[in-house]
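Colleague: Let me give you the structure first, and then I'll get to my questions.
None of the figures in this text is laboratory data; all of them are computed from the coordinates on show. Not measured: the values here are computed from a predicted model. When we count neighbours, we look across all protein chains shown, and the Cβ atoms used for this are built from the backbone with ideal geometry, even at glycine.
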Amino acid sequence: MPDLAWLVRLDEPDLAAAVGRLRARLDAVGLHDRGDLGPGATGADAVVVWADHRLPEDLVEALLAAGVPLVLGGPTLECADPGGELAEAAGLVPGGPTARHDVRVRPGRDGAPIADRLLDHTHRGSAHFGDHVHVPDRVLRVDKAGDDVEVLLAAQIGLTEHPLAAWRPSTGVLTWTLGTHPGAVEPGSAIRLLVLALRHALAVPAPPVIRVGLLGYGAIGHEHSRAVQHVAGLELAAVCDPAPERLQAARSHAPGVRCHTEGEQLLANPEVDLVIVSTPPAGHAGWAMEALRAGRHVLVEKPFAVHTDEADAVLAEADRRGLLAAVYQNRRFDPDHLAIRRAVRAGLLGELFHVEAFIGGYGHPCNLWHSDAASSGGVVYDWGAHVLDQLLDLIPDPVDQVVATEQKRVWLDVTNADHCRVTVRFAGGAEATFVYSDLAAALKPRWYVLGTRGAIVGHWRTERVVARNEIGTLSEDVLAPADSPPVLDLHAADGAVTRLATPPAPRYGFHAELADQLQLGLPMSVTAEQSRRVLAVMEAATVSAASGGRPAEPRPAPSPGTR
């Protein structure tokens with residue numbers, strides 16, 4: 001992987017700090033930080049310049065004569081090149097900048113190496129998000145780009161396309177005109193695309209495709225199959241399930257996929273690099289360990305495991321072998337959670353101190369393994385693996401205590417509790433409560449979130465799918481409340497109420513991050529350590545419920561050096 005030397009000349013301290021963090025992120029993904037550019041030869045494979053004021057002419061001459069690729073980042077082309085020498089080398093004739101706005105970044109005329117990755121984090125085919133990502137920044141208008149300039153990424157102003165990332169192989173200059181303020185340099189899609197542009201310009205070999213094996217093909221099997229087949233960098237190699245009808249279902253979505261009936265056969269398959277474990281929770285840790293010992297990366301369905309010591313053993317094994325262990329926390333990408341998280345991070349609620357979340361209704365639970373405590377871990381482990389993960393994402397403080405109670409009163413043919421309540425008490429004084437119930441004839445709000453400056457209430461909505469049946473009369477399917485994103489209202493301290501927009505969930509967002517992690521080294525927003533924290537809370541809740549609601553402390557995670 002290439003080494004990068006840096007020349008950072010920024011008067012704005014917040015932007016300078018953000019670029020410093022960017023350097024650390026790029027170093028972590030293999031674009032190694034060689035340090036600040038010094039006199040004479042750099043010894044680096046490329047030089048990155050990020051400057052917001054004029055550079056001395058002799059320095060510009062030295063940069064152009066260095067004989068290595070030159071990356072012009074952020075405001076450099078706009079502010080640091082009054083003589084036009086850098087623009088000439090880049091093959092661009094820059095005009096003036098626009099005001100800062102929500103820039104829609106699209107693949108440019110030569111953006112094929114980046115286009116697939118761009119689309120993975122959006123909605124393919126969507127009228128709104130099908131071919132772009134959003135970056136808050138200004139656009140530097142470009143009056144002309146040379147015929148030998150590769151336009152990798154672009155934005156439109158009116159009907160004119162303006163390069164945002166442009167590579168000129170003849171002179172070795174890559175321009176990246178995004179990144180003029182901290183918000184456009186912080187983690188997100190823009191940095192992901194910068195990594196791809198740098199890899200293209202510096203001729204970093206394309207990473208090998210990650211070949212995926214699905215261990216278990218139950219209800220979630222189609223979801224994983226579709227995602228793996230749509231995300232660039234992943235390839236469905238094999239499916240394993242003992243039930244012939246499930247293997248046939250897998251073939252209907254992926255004709256020609258190799259099928260196994262025994263887990264050991266899948267782990268012995270040399271064409272599998274990553275195993276997705278979709279067995280009942282009681283088997284997650286065991287199969288994860290077997291996959292790691294077979295030299296495979298592993299993704300397990302949530303919950304991570306039933307006990308924290310099992311999860312700790314998996315994480316330790318992954319560390320020892322240099323492999324990835326991850327947990328499929330797919331509801332971290334739910335539109336309502338994304339909207340609430342965005343409001344909390346933006347400070348709209350002030351300091352968060354009380355959160356309630358509810359899932360349920362009145363009805364018989366399913367008779368599948370989800371309702372069997374021996375297989376699922378209990379009712380807290382079923383929906384709790386989703387909702388407690390969301391709560392802990394909103395409140396990242398250390399957990400002091402967990403208090404839980406369970407009720408078993410009506411549905412005696414299943415072993416999960418009929419109703420449970422889990423309260424998490426955090427070190428900073430905040431509390432979060434999750435209630436799940438199959439005895440709730442009246443529904444509580446999906447969300448009740450209180451902060452020192454405002455609140456959010458999430459209201460259930462009942463949606464219907466209406467059609468004609470085979471004889472032409474009305475056919476109506478009423479969705480369960482949990483199958484539709486709730487409506488969110490933001491309540492201000494002065495009594496004003498605003499309906500919050502819910503962003504569309506990234507299509508295959510988790511799997512795209514998984515591919516980025518394994519192929520590009522980019523960090524995932526959902527880590528196994530976070531899922532282990534969720535498991536510790538669920539484990540403590542089980543202990544508390546068994547003792548009649550006495551407070552229990554989550555088992556702390558071992559330090560990385562003691563795993």
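Colleague: Per the helix-only calculation at 222 nm, which mean residue ellipticity applies to the chain, given -39500 (n - 2.57) for every DSSP H run of n ≥ 4 and division by its residues, nearest 500 deg cm²/dmol?
Modeller: That comes out to -8500 deg cm²/dmol.
Colleague: Another one. Step through the residues of region 48-58 one at a time and calculate ³J(HN,Hα) from phi using the Karplus curve (6.51 cos²θ - 1.76 cosθ + 1.60, θ = phi - 60°), rounding each to whole Hz and writing x for Gly and Pro.
Modeller: Karplus values, whole Hz, x for Gly and Pro: 10, 10, 9, 9, 10, 8, 4, 8, x, 4, 5.
Colleague: Also, I was wondering about something else. Once all Cα-Cα distances of region 134-273 are split into 5 Å bins that start at 0, what whole-number percent is in each one?
Modeller: 2, 9, 14, 14, 11, 8, 8, 10, 10, 8, 4, 1, 0
Colleague: Find the Cα radius of gyration of region 447-563, compare it with 2.2 N^0.38 Å by division, and give the number to two decimals.
Modeller: Numbers: Rg = 21.6 Å, N = 117, 2.2 N^0.38 = 13.4 Å.
Taking the Cα Rg and dividing by 2.2 N^0.38 Å, one obtains 1.61.
Colleague: A further question on this structure: In Å, what is the Rg of the alpha-carbon atoms in region 202-269, and how long is Dmax?
Modeller: Radius of gyration, then largest Cα-Cα span, for region 202-269: 13.1, 48 Å.
Colleague: Okay, moving on. What ³J(HN,Hα) values, in whole Hz, does the Karplus curve 6.51 cos²θ - 1.76 cosθ + 1.60 give for region 217-227 when θ = phi - 60°, with x put for Gly and Pro?
Modeller: For region 217-227, the Karplus-derived couplings read 10, x, 4, 7, x, 4, 4, 5, 4, 4, 4 Hz, x marking Gly and Pro.
Colleague: If packing is taken as the average number of other Cβ atoms within 10 Å across a peptide's residues, how do 341-354, 148-161 rank, most packed first?
Modeller: 148-161, 341-354
Colleague: So, one more: Quick one: plug the Kirkwood hydrodynamic radius of the chain (C-alpha pairs) into Stokes-Einstein at 37 °C, 0.692 mPa s, and report D in µm²/s. Numbers along the way, then the final one.
Modeller: Working: Rh = 26.0 Å.
It comes out at roughly 126 µm²/s.
Colleague: OK, next. Just round it to a whole percent: the fraction of Cα-Cα distances in region 214-364 exceeding 29 Å.
Modeller: Above the 29 Å cut-off, region 214-364 has 29 percent of its Cα pairs.
Colleague: Now, a different point. I want the local charge near ALA201. Using Cβ-Cβ distances under 12 Å, sum +1 for each Lys or Arg and -1 for each Asp or Glu among the other residues.
Modeller: -1
Colleague: Whose amide H sits under 5 Å from the amide H of ILE157, counting only residues 5 or more places off or on another chain, with H placed in the peptide plane?
Modeller: Distant-sequence amide H within range of ILE157: HIS162.
Colleague: Can you tell me the convex hull volume per residue for region 270-327, based on C-alpha atoms, in Å³ to the nearest whole number?
Modeller: Convex hull volume per residue, Cα atoms: 62 Å³.
Colleague: Cα axis of helix 509-520 to longest principal axis of the chain: angle in degrees, 0 to 90, nearest 10?
Modeller: That works out to roughly 50 degrees.
Colleague: Take region 3-201, drop everything but the C-alpha atoms, weight them equally and run the Debye formula without solvent; then report log10 I(q)/I(0) at 0.16 Å⁻¹ to two decimals.
Modeller: Each listed q maps to, in turn, -1.00.
Colleague: Would you mind counting up the charge near ALA155? Only other residues with Cβ under 11 Å from its Cβ, with Lys and Arg at +1 and Asp and Glu at -1.
Modeller: +1
Colleague: Still on this model: First select every other residue whose beta carbon is under 15 angstrom from the beta carbon of ALA427; then total the charges, Lys and Arg +1, Asp and Glu -1.
Modeller: Within the 15 Å Cβ shell, the charges total -3.
Colleague: Just the projected area, averaged over all directions, of the convex hull on the alpha carbon atoms of region 292-356: how many nm²?
Modeller: Mean projected area of the Cα convex hull: 6.4 nm².
Colleague: Then there's this: Residues with amide H under 5 Å of LEU234's amide H, sequence separation 5 or more or different chain, H placed in the peptide plane at 1.01 Å from N; which?
Modeller: ILE210
Colleague: What are the lysines whose alpha-carbon lies under 27 Å from the alpha-carbon of LYS444, with same-chain residues fewer than 8 places away excluded?
Modeller: The reachable lysines, counting only those whose Cα sits under 27 Å from LYS444, are LYS302, LYS408.
Colleague: For region 394-452, count all C-alpha to C-alpha pairs, find those more than 20 Å apart, and express that count as a whole percent of the total.
Modeller: 38
Colleague: Given charges of +1 on the Cβ of Lys and Arg and -1 on the Cβ of Asp and Glu, with all other atoms neutral, how large is the dipole of region 3-201 about its Cα centre, in debye to the nearest 20?
Modeller: The dipole of region 3-201 has a size of about 640 debye.
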